[in-house]
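Inspection log for the structure reproduced underneath, given as structure tokens.
The values are calculated or read from the model by the stated rules, or taken from the named source; none is laboratory data. Here the structure is a predicted model, which is why all the values come from computation and not from measurement. Neighbour counts are summed over all protein chains in view; Cβ atoms, including those assigned to glycine, are modelled from backbone coordinates with ideal geometry. To get the accessible areas, we keep the full protein, side chains included, count just its heavy atoms, and leave off ligands, DNA and RNA. Shrake-Rupley method; radii C 1.70, N 1.55, O 1.52, S 1.80 Å.
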Amino acid sequence: MEGDTFSGLGNGSSSTQIDGKVFQTFQKSFVQVQNILDQNRLLINEINQNHESKIPDNLSRNVGLIRELNNNIRRVVDLYADLSCSFTKSVDASSEGDSNGKASHKRSKPI
């Protein structure tokens, strides 16, 4: 994974390779998602503690914490949607590059 190409998909043909820039974008997005999920874990723990305490101020604070949690979940969904679009575009671009000068679109048989 240190080179300019990540070929961990499929059989390693050029139609399944992702260049380094695209891979870095994926990696950055996955790091963002993981950071948000880590933050959500902390929020959920705090929400649970506040709920168990039954202290009115803590229960009121949960309203804001739950809103923050919901916003974080929306951000994760958006990041995954962006990743999906980026991945599709990179695969399509790679497929177009392969089809120029080649007449085959071979499918691998499942193992």
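Data table
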{"item": "Condition met for Asn40 (open to solvent by less than 80 Å² (accessible area, probe 1.4 Å) and not hydrophobic (A, V, I, L, M, F, W, C))", "result": "yes"}
{"item": "Test result for Gln32, within 22 Å of Asn72 (Cβ to Cβ), at pLDDT 90 or above, under 11 Å from the mean Cα position of the chain (by Cα) and polar (S, T, N, Q)", "result": "yes"}
{"item": "So Gln34, is it farther than 30 Å from Thr88 by Cβ, open to solvent by 70 Å² or more (accessible area, probe 1.4 Å) and part of a helix (DSSP H, G or I)", "result": "no"}
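Here's the yes/no breakdown for (1) in contact (Cβ under 8 Å) with a residue 60 or more places away in the chain; (2) open to solvent by 90 Å² or more (accessible area, probe 1.4 Å); (3) touching a Lys or Arg at 6+ places or on another chain (Cβ under 8 Å); (4) not in a helix (DSSP H, G or I):
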{"site": "Asn48", "(1), (2), (3), (4)": "no, no, no, no"}
{"site": "Glu52", "(1), (2), (3), (4)": "no, yes, no, no"}
{"site": "Asn58", "(1), (2), (3), (4)": "no, no, no, no"}
{"site": "Arg61", "(1), (2), (3), (4)": "no, yes, no, no"}
{"site": "Arg67", "(1), (2), (3), (4)": "no, yes, no, no"}
{"site": "Asn70", "(1), (2), (3), (4)": "no, no, no, no"}
{"site": "Arg74", "(1), (2), (3), (4)": "no, yes, no, no"}
{"site": "Leu83", "(1), (2), (3), (4)": "no, no, no, no"}
{"site": "Phe87", "(1), (2), (3), (4)": "yes, no, no, no"}
